[in-house]
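Written out below as structure tokens is the structure these notes cover.
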């Protein structure tokens, strides 16, 4: 926590003093609570008015493949070509050889 010295108008001072009396709290605690409320409201307002929310649903009407996440390599690099005489050997067996009978 940081210490801060501020100047208040008479109206602000009397308000804090009466709020502190009614809440049975210190003026500093009342001021901190008021600041917490203002900060929360400001953050909520900023979040609600964030332009990111206008992006929701933008691509909903666009037609295209629906398996992009599972076939990302196919869409980035194209279909896999078979090369029987490839310099690279196949490291693993085909998946059929892993199944138990």
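Looking at the stretch 1-16 only, could you name the residues that are surrounded by 12 or more Cβ atoms within 10 Å (Cβ to Cβ) and assigned to a helix (DSSP H, G or I)?
Passing the criteria: 12, 13, 15, 16.
Could you check, for the stretch 40-53, whether at least one of its residues is modelled with pLDDT of 65 or more and not in a helix (DSSP H, G or I)?
yes
Mind checking which residues of the stretch 24-39 are part of a helix (DSSP H, G or I) and surrounded by 12 or more Cβ atoms within 10 Å (Cβ to Cβ)?
Scanning the stretch 24-39 gives 27, 28, 29, 30, 31, 32, 33, 34.
State whether the residues of the stretch 66-85 include one that is touching a helix residue (DSSP H, G or I) at 6+ places or on another chain (Cβ under 7 Å) and at pLDDT below 95.
Scanning the stretch 66-85, I find at least one residue that is touching a helix residue (DSSP H, G or I) at 6+ places or on another chain (Cβ under 7 Å) and at pLDDT below 95, so the answer is yes.
The values are calculated or read from the model by the stated rules, or taken from the named source; none is laboratory data. Small disclaimer: the values here were computed from a predicted structure and weren't measured. Ideal geometry is used to build each Cβ from the backbone, glycine not excepted, and the neighbour counts take in all protein chains shown.
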